[in-house]
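The values are calculated or read from the model by the stated rules, or taken from the named source; none is laboratory data. Note that this is a predicted model, so its numbers are computed, not measured. With ideal geometry, Cβ positions are generated from the backbone for all residues, glycine too; neighbour counts draw on all protein chains shown. Surface accessibility is based on the protein's heavy atoms, side chains included, excluding ligands, DNA and RNA. Shrake-Rupley method; radii C 1.70, N 1.55, O 1.52, S 1.80 Å.
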Amino acid sequence: MTETDAVPVRLAAGDPAPEFTLPDADGNPVSLADYRGRRVIVYCYPAALTPGCTTQAVDFTAAAGDLAEAGLDILGISPDPVEKLARFREEEGLQITLVSDPDKQVLQAYGAYGPKKLYGKEAVGVIRSTFIVDAEGRIEKASYNVKATGHVAKLRRELGLG
């Protein structure tokens, strides 16, 4: 790891959201630009079909209707291959858009990949993070090192959705 890798980017309110086009669970390209005019929750998670990530994805799916009514779409990004995302969606009945970033370039652009503490040890990996991107493509809110359990409920409260 080089010196520049050691300090991941940290996005803040007002920053332009890094643009991306990534394949979804069906292999279709999904671009952040496709959502211009709507707010988008972009959440980064370490791995499909793991307990914490499943909890978070199921919670986002349960909240998707209320969030959509409030003008918010949801995009989940992980380094998982497309095939694993499709299996995750099917096995858990997910109704949110999951996209694959196997080379982790988008995760790095969002500051969601880098050094983190895992069970008390330093590790390099996906930092569970959530971003709200406004209708013009700017970061409205950036949250790093979020907890999988209870995060969607906290986000709903912050957005005034109960």
What's the carbon and sulfur percent of segment 45-162's accessible surface, probe 1.4 angstrom, rounded to a whole number? 50
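Looking at the chain, send over the antiparallel percent of its DSSP beta bridges, to the nearest 5. Walk me through the numbers before you get to the answer.
Working: 21 of 31 bridges.
Percentage antiparallel, nearest 5: 70.
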Enumerate the residues in segment 8-23 having an amide nitrogen under 17 Å from the point lying 7 Å beyond the Cα of Glu136 toward its Cβ. 12-19
FRET E, pair Ala70, Leu49, Förster distance 25 Å, beta-carbon r, rounded to 0.05: 0.30
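Give, in nm to one decimal, the length gained when the segment between Thr149 and Glu83 is fully stretched (0.36 nm per residue of separation minus the Cα-Cα distance). Kindly include the intermediate steps, with their values, before the conclusion.
Numbers: separation 66, 0.36 × 66 = 23.76 nm, distance 2.52 nm.
Contour length minus the Cα-Cα distance gives 21.2 nm.
Nearest 0.05, what FRET efficiency do Ser31 and Ala123 give at R0 = 22 Å with Cβ-Cβ as r?
Once rounded, the FRET efficiency stands at 0.10.
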Which of rounded, prolate, oblate describes the chain, given a ≥ b ≥ c as roots of the alpha-carbon gyration tensor eigenvalues and a/c under 1.5 marking rounded, otherwise prolate only if a/b is larger than b/c? rounded
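Work through the residues other than Leu155 whose Cβ is under 13 Å from its Cβ and net out their charges, Lys, Arg +1 and Asp, Glu -1.
Values: positive: Arg39, Arg128, Lys141, Lys147, Lys154, Arg156, Arg157; negative: Asp59, Asp66, Glu140, Glu158.
The answer is +3.
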Considering only protein heavy atoms, what per residue accessible area in square angstrom results for segment 1-148 with a 1.4 angstrom probe? 48
Most to least packed among 25-31, 75-81, 112-118 [average Cβ atoms within 10 Å]: 75-81, 112-118, 25-31
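Go through Lys121/Lys141; Lys84/Lys104; Lys84/Lys117; Lys84/Lys141 and tell me which ones have a Cα-Cα distance over 22 Å in this structure.
Values: Lys121/Lys141 28 Å; Lys84/Lys104 16 Å; Lys84/Lys117 25 Å; Lys84/Lys141 29 Å.
As for pairs spanning more than 22 Å Cα to Cα, those are Lys121/Lys141; Lys84/Lys117; Lys84/Lys141.
Using a ≥ b ≥ c from the Cα gyration tensor of segment 52-95 (square roots of the eigenvalues), is it rounded, prolate or oblate, where a/c under 1.5 gives rounded and otherwise the larger of a/b and b/c decides, a/b for prolate? Could the numbers behind the result be given before it?
On the way: a/c = 2.21, a/b = 1.83, b/c = 1.21.
Because a/c hits 1.5 or more and a/b exceeds b/c, segment 52-95 counts as prolate.
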Rounded to the nearest 0.05, what FRET efficiency do Arg38 and Arg10 have when you use their Cβ-Cβ distance and R0 = 22 Å? 0.35
